[in-house]
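The values are calculated or read from the model by the stated rules, or taken from the named source; none is laboratory data. Nothing here was measured: the structure is a model prediction, and the numbers come from that model. A quick note on method: Cβ atoms are made from the backbone with ideal geometry, for glycine too, and the neighbour counts reach across all protein chains shown.
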Amino acid sequence: MSGKIIINYSPNFSSNTRNPKNIKFLIFHYTGMKSEKNAINKLIDEKSKVSSHYFIKRNGEIILMVPDLYIAWHAGVSKWKKFSSLNKHSVGVEISNRGHGNGYQQFSKKQIQSLIRLSKSIIKKYKVKKCNILGHSDIAYNRKKDPGEKFPWKFFSRYKIGIWHNLKKNTLIKQRRVKLNNNENKKFLKKLSKIGYFVEKKSILKRKNLIIAFQRRFRSELINGKSDRECLIIANKLSKLS
């Protein structure tokens, strides 16, 4: 991969190396801290018990914190498709951003450029599928919001980084807020499960968090935790790509 990578190793990783074939996911995070310096310090602090493989600064600089073949502690309790505890199977990238609790920012152009370059290298090296490029909120929607609705998933999909749909905006807008009947709601949840989301069967709150996570990523114009016809159409399209 072209471009300079700074090394600032974190002690927070599992000591045994893993088989490259076991790396199947690429997970994006934001730091969620006011200070970039403090975010870096936390990730290299042994007491924090958290880390990532890479860190992308606001100016686009990339920091290597944990080599790919070691398991970094970035995903925590997580589920996607048949996988749980995704640390074992993923490369994690932290992107400097204050996050929802501290004045959520647009990601800088330099960050986006660096992340495209880094992601393409990781995808090629480990043959990561588009449908396995995820945000932290996809795999842990009851705990996490990152990288959030300002993350440019549609733009990244042009570089084959993550999945997206090709549905027309005008068609979708007409279906926004159109309520689903019980059968359509069941179909929507089945489509989310096929995409890869873990669908909670009983908890209304967890169900709402799931829908919010889906909307943050694929329907950021309206994030209300309520399924509607637009969400169903998008989920149906995406389920065919997973």
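Only residues that are among the aliphatic types (A, V, I, L, M) and touching a Leu at 6+ places or on another chain (Cβ under 9 Å) were counted in segment 36-62, giving 3.
Just checking, which of 190, 237 is more than 25 Å from residue 104 (Cβ to Cβ), surrounded by fewer than 16 Cβ atoms within 10 Å (Cβ to Cβ) and over 17 Å from the mean Cα position of the chain (by Cα)?
Exactly one of 190, 237 is more than 25 Å from residue 104 (Cβ to Cβ), surrounded by fewer than 16 Cβ atoms within 10 Å (Cβ to Cβ) and over 17 Å from the mean Cα position of the chain (by Cα), namely 190.
Determine, yes or no, whether residue 16 is over 16 Å from residue 145 (Cβ atoms), at pLDDT below 95 and assigned to a loop (DSSP other than H, G, I, E, B).
yes
Scan segment 209-228 and give yes if some residue there is of a type in the set (Ser, Thr, Tyr) and more than 30 Å from residue 111 (Cα to Cα), otherwise no. Yes, segment 209-228 contains a residue that is of a type in the set (Ser, Thr, Tyr) and more than 30 Å from residue 111 (Cα to Cα).
Of all positions in segment 193-204, none carries a residue that is farther than 27 Å from residue 112 by Cβ, part of a helix (DSSP H, G or I), in contact with a helix residue (DSSP H, G or I) (Cβ under 9 Å, 6 or more places away or on another chain) and acidic (Asp, Glu). Comparison of 177, 217 shows that the only residue that is outside the structural domain of residue 53 (by TED's automatic domain parsing), closer than 24 Å to residue 53 by Cα and either at pLDDT 95 or above or in contact with a Phe, Trp or Tyr (Cβ under 8 Å, 6 or more places away or on another chain) (or both) is 217. Exactly one residue out of 150, 124, 129, 145 is without any contact (Cβ under 8 Å) to a residue 40 or more places away in the chain and in the same structural domain as residue 35 (by TED's automatic domain parsing): that is 124.
Do the conditions hold for residue 206, that is, is it over 19 Å from the mean Cα position of the chain (by Cα), surrounded by fewer than 22 Cβ atoms within 10 Å (Cβ to Cβ), not small (Gly, Ala, Ser) and not assigned by TED's automatic domain parsing to the domain that holds residue 92? Step through it out loud before you land on a result.
Details: over 19 Å from the mean Cα position of the chain (by Cα): no; surrounded by fewer than 22 Cβ atoms within 10 Å (Cβ to Cβ): yes; not small (Gly, Ala, Ser): yes; not assigned by TED's automatic domain parsing to the domain that holds residue 92: yes.
So residue 206 does not fit the description; no.
Among the residues of segment 200-214, write down those that are over 20 Å from residue 152 (Cα atoms) and at pLDDT 95 or above. Across segment 200-214, the qualifying residues are 208, 209.
Looking at residue 84, is it without any contact (Cβ under 8 Å) to a residue 40 or more places away in the chain, of a type in the set (Gly, Ala, Ser) and either buried (at least 19 other Cβ atoms within 10 Å of the Cβ) or out of contact with any Cys (no Cβ under 9 Å at 6 or more places or on another chain) (or both)? Spell out how you get there, then give the answer.
Details: without any contact (Cβ under 8 Å) to a residue 40 or more places away in the chain: yes; of a type in the set (Gly, Ala, Ser): yes; either buried (at least 19 other Cβ atoms within 10 Å of the Cβ) or out of contact with any Cys (no Cβ under 9 Å at 6 or more places or on another chain) (or both): yes.
Judged against the criteria, residue 84 is a match.
Out of all the residues in segment 205-224, which are part of a helix (DSSP H, G or I) and closer than 20 Å to residue 162 by Cα? 210, 211, 212, 213, 214, 215, 216, 217, 218, listed by residue number.
Got at least one residue in segment 227-242 being closer than 27 Å to residue 120 by Cα, free of Cβ contacts under 8 Å to residues at least 24 places away in the same chain and charged (D, E, K, R)? Taking every residue of segment 227-242 in turn, at least one turns out to be closer than 27 Å to residue 120 by Cα, free of Cβ contacts under 8 Å to residues at least 24 places away in the same chain and charged (D, E, K, R).
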